[in-house]
Structures are given as structure tokens and as C-alpha cells.
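S.K.: Let me begin by handing over the structure; questions about it come next.
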Amino acid sequence: MKNRIHFSVVLTVAVLLVASVAWAAPKPAKTAPQAVPPFPGTLVNARYVYVTSYDGDQFNINLFPEDRQAISTVQDAMQKWGKFTLVYEPNQADIVLMVTSRPSEDILAVYDAHGWPQNQYLWRMMGRSGLQQGESPLLTNLEKAFTLATTK
């Protein structure tokens, strides 16, 4: 009988302790929307765009399917936007868009094609699920940055 009372007291204390810790746990901070970096003014007159992945182009058999899908998503968005003409050879481009799609984070970077792949990116954004089919926030941010750069 004494063991039963002891067990119920220990169980009650354990439940109360777990409940109080859960209630007192800090709430995760709401992350502010990522600021859109300015688009480089040197590329506002570009006309031709080439889309590839950091791991290879869309025809590379070793490319991750997620990267291949991201390339396709970006190409479709560029055609719908109509600001650039899509090319399939990097030497024909003014701008190179490089993408990577991973479960943890997607990346969209803009390079000047005339120094690519040796030069540094000129514009880049990263975010989780940023290059998904349908809604692609990284592409929306690219369009916003470009529009702001051309309206100055």
C-alpha cells in the first residue's frame, strides 16, 4: 500500500514537472522576412539568360532530380516573365542563374555570364522551399529586385 502511494506521488510530480517545463519553454521567434538584396545595375540591360545548377546542367546524368526540377522551374518562370530570352549554351548568355535545391535550403544566384564560372555571384538569395514548382519565392524576389533596379 505504501509503494502505491509513493508511486502515485512520484507520477504526479513527474507529470507536473513535464507540464511546467513545456509551458515555460520559450516560444520560437517569428523570423522576419528576408530582405531582398538589390539587383546589380550592371546587368539590367541583359537580354539572354542561361540556367544551370552548381552540380551541372540539366542534361548531366549525375544531377540530383531536385536540382533538375529547380532548373526547369526557373526556366519556366523566366519564359513566363518574358524579360529575358532563355538560351541553352552558357556562351550565348548575358546572365547565368545558378540553382541548388535541397530539403534544407534552396539557392538562386545571378552571375555575369562574361566572367562565369570564375567570377563571384552578383546577386543571391537562399530559403527553404524557395524554388518549388508553382510558388517560387526566390524567383519572385529576383523579379522584385530587378524591377527596383530598372525603375531608379
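The values are calculated or read from the model by the stated rules, or taken from the named source; none is laboratory data. Since the model is a prediction, treat every value here as computed from it, not as a measurement. In this analysis, Cβ positions are derived from the backbone assuming ideal geometry, glycine residues included, and neighbour counts consider all displayed protein chains. With ligands, DNA and RNA removed, areas are computed over all heavy atoms of the protein, side chains included. Shrake-Rupley method; radii C 1.70, N 1.55, O 1.52, S 1.80 Å.
S.K.: Criterion first (touching a Phe, Trp or Tyr at 6+ places or on another chain (Cβ under 6 Å), aliphatic (A, V, I, L, M) and more than 17 Å from P38 (Cβ to Cβ)) does A70 satisfy it? Spell out the reasoning first.
M.R.: Working: touching a Phe, Trp or Tyr at 6+ places or on another chain (Cβ under 6 Å): no; aliphatic (A, V, I, L, M): yes; more than 17 Å from P38 (Cβ to Cβ): yes.
No; evaluated as a whole, the condition is false for this residue.
S.K.: Just checking, how many residues over region 44-82 are assigned to a loop (DSSP other than H, G, I, E, B) and buried (at least 16 other Cβ atoms within 10 Å of the Cβ)? Please lay out each step first, then the result.
M.R.: First pass over region 44-82, keeping only residues assigned to a loop (DSSP other than H, G, I, E, B): 44-47, 54-55, 57-64, 82.
Filter once more, so that each one left must be buried (at least 16 other Cβ atoms within 10 Å of the Cβ): 46, 57-58, 63.
The qualifying residues number 4.
S.K.: A further question follows. Which one is least open to solvent (accessible area, probe 1.4 Å) among residues in region 111-152 that are part of a helix (DSSP H, G or I), closer than 17 Å to I95 by Cβ and without any contact (Cβ under 8 Å) to a residue 40 or more places away in the chain?
M.R.: Initially, region 111-152 is screened for residues part of a helix (DSSP H, G or I), giving 137-150.
Those still in the list that are closer than 17 Å to I95 by Cβ too: 138-139, 141-150.
Applying the additional criterion that residues be without any contact (Cβ under 8 Å) to a residue 40 or more places away in the chain yields 138, 147.
Working: L138: 7, T147: 71 Å².
Checking each candidate, the answer is L138.
S.K.: Let me ask something else. Can you tell me which of (1) in contact with a strand residue (DSSP E or B) (Cβ under 8 Å, 6 or more places away or on another chain); (2) closer than 18 Å to A145 by Cα; (3) at pLDDT below 95 is the one E89 doesn't meet?
M.R.: Condition not satisfied by E89: (2).
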